[in-house]
1. Any idea how far the Cα center of region A:76-147 sits from the one of region A:155-184, in Å?
2. Charges only on Cβ, +1 for Lys and Arg, -1 for Asp and Glu: so what's the dipole of region A:140-208 about the Cα centre, in debye to the nearest 20?
3. What is the angle, in °, between the Cα long axis of helix A:150-162 and the longest principal axis of the Cα atoms in chain A? Nearest 10 is fine, range 0 to 90.
4. So how tilted is helix A:166-179 from the main axis of chain A? Cα-based, degrees 0 to 90, rounded to 10.
5. Of the options A:Thr53, A:Pro23, B:Val63, report the single residue whose Cα projects farthest towards the positive end of the charge dipole of the protein assembly as shown (beta-carbon charges: Lys, Arg +1; Asp, Glu -1).
6. When N is the residue count of chain A, what does its C-alpha Rg come to as a fraction of 2.2 N^0.38 Å?
7. Whole-Å semi-axes of region A:1-87's equivalent ellipsoid, largest first, each the root of 5 times a Cα gyration tensor eigenvalue?
8. Quick one: dipole size for the protein assembly as shown, taken about the Cα centre, charges +1 on Lys/Arg Cβ and -1 on Asp/Glu Cβ, in debye to the nearest 20.
Amino acid sequence: MNIVHVDELELITVGDHGLQWRPIRSRFGIRSFGTNAYTADVGDEIVEEHSETGQGHEEMYVVITGRATFTLDGDDVDAPAGTIVHLPDPSVRRKAVAEAPETRVLAVGGKPGEAFRPSPWELGFRGARMKPGEAVEYIEQHMHEYPDAAETHFNLACFKALSGDADGAIAELTRAQEMDPEHVRRWAANDSDLDSIRNDTRYPLEAT
Amino acid sequence: MTAYNVVSLDEIERVEYLGSNLIPVRYTLGFRPAGTNAWFADTGGQLVPPHEEDAGSEELYVVVRGRAKFTVGAETGDAPKGTVVYVPPEVHRTAVAEEDGTVVLAVGGRIGEPFRGGAWDSFAIADAHRRAGRTEEGREVLRQARDEHPERMAPVYNSACWEALAGNTDEAIEYLRQAVEIDAKGVRPYLEEDTDLDPLRDDPRFQELLA
């Protein structure tokens, strides 16, 4: 049987605020909706601050155990176990902090009216935990499972730059820039991963 | 569009369905990306009604409160709160509560297709409204289900059953006509056997549909 406790799921730390991602969708190979669990120590981030504008996803968070405080477009919402926070509007800025020990939150999401496709950020979050060369290999092996996204090519550019593959990094960054120039310019401006190729004559973005 | 909704699983009115207590999350919130509902039971009570999903429909169950015993195919599994169970398409599954106040969340969708609401859970909610005497609320739920799936026989057929049980023969016959138009072969076994339609069986118009 495909049965597992949230605490036994793989734990992938994301960002610098204690967020623990517990992948469910990829664990079971779910293809019809997005779903993951998150855990955190008291006071730590249990939902990363973000909006869903890029993906256009409608989301639902369910507090399975413990207690969390959600902040939704600046409003604080107390969410004890059993609370559902539903975000039909992708533009709402959302985050949550764990308020009790053993807080576990489930997220479910997808774009209304469209067949689900896995979110490219799964590749980036996993890659960030690996050595750059391994991350490149992992992403290139799995990127066909995800929609072709600027985010994925940008992440590949970063990992290739970090692993010393300037040619590969330039090619990926150029591809990302063609797909979504506005976001890529912003991501690249603040990402030290790309420092080794910034002075390359082929660097596809203008200096900021 | 509302920017956000916050609701507790305890606040949503429960609906009896096939011997289980359904907490209709999807309908209550208007959640669009996936089928999302919860089941409630006390010790020994049935949580997830025994069933299989169609080819292409996968489901995930999450124990939010209490403790459940899942049976999936030939296997059983102990599932305290925080447990996640994935069931692939076409596999038989059910779950029973092992503690009072157990709640299991169920999320489902069809692989490669956009999710659309307005199916079995809507029919269960409409029936609950009818039994509670909330006729207009029940009709509205069915109307939404028909609008969501104009090509499908089930919402029209369930509207017929609903009107028959509510004592509205003319409306019931009209929905049955529409159901026959959409899928004459598919609706036939139901016309012959469904006890919901018993109030209509002596009506000559019903006999005509059967002929």
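1. Here the answer is 23 Å between Cα centres.
2. That gives a dipole near 200 debye.
3. 60
4. 60
5. Value: A:Pro23.
6. 1.07
7. Rounded to whole Å, the semi-axes are 21, 17, 14.
8. Its charge dipole is roughly 240 debye.
Laboratory data are not the source of any read-out in this text; all were calculated from the coordinates shown. These numbers come from a predicted model, not from an experiment. Ideal geometry is used to build each Cβ from the backbone, glycine not excepted, and the neighbour counts take in all protein chains shown.
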